[in-house]
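Working notes, structure below.
The values are calculated or read from the model by the stated rules, or taken from the named source; none is laboratory data. The structure displayed is predicted, hence computed values, not measured ones. Heads up, the Cβs are rebuilt from the backbone with ideal geometry, glycines too, and the neighbour counts pull from every protein chain shown.
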């Protein structure tokens, strides 16, 4: 009889301990899952915050490009001078550059725009009403390089 009673008590203790351990494991896994959900939530919030900040920076850059004085977009070539001078120089340079680039490609010459006379002179379509000739030449050369590259590549 004492043996049966002892056996029952030992089995009760073992069963009780196993229940406690099982409940502990189950509760710790739910805590871990809750922590995991919190981490996912935090990551998502951080991602959204960064995306929002990136969008704000993009909008700020775009707003800075708007030129209120002339009611137009700033073309980022602005080193001074009038808009007409810049556009004329860039267009003239590009047109001359693309012709020279295509000619060098067709003649199988090396890629070298600095040896072209138009690049060195940089005065095609210049007019004294534009003002500063050196500034015109800078814009012209910039357009010439872009045009020469496109022409040499076959565009």
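Return yes when residue 42 is modelled with pLDDT under 70 and either in contact with a strand residue (DSSP E or B) (Cβ under 6 Å, 6 or more places away or on another chain) or surrounded by 10 or more Cβ atoms within 10 Å (Cβ to Cβ) (or both) and no when it is not.
no
Please specify each residue of the range 113-126 satisfying the condition of being surrounded by 12 or more Cβ atoms within 10 Å (Cβ to Cβ) and either touching a strand residue (DSSP E or B) at 6+ places or on another chain (Cβ under 9 Å) or not in a helix (DSSP H, G or I) (or both).
Within the range 113-126, 113, 116, 122, 123, 124, 125, 126 qualify.
crowded, with 17+ Cβ neighbours inside 10 Å, within 14 Å of residue 90 (Cα to Cα), in the same structural domain as residue 83 (by TED's automatic domain parsing) and modelled with pLDDT under 85: which single residue out of 130, 140 fits that description?
From the options 130, 140, the qualifying one is 130.
Could you tell me which numbered condition residue 100 fails, if it satisfies all but one of (1) surrounded by fewer than 20 Cβ atoms within 10 Å (Cβ to Cβ); (2) touching a helix residue (DSSP H, G or I) at 6+ places or on another chain (Cβ under 7 Å)?
(1)
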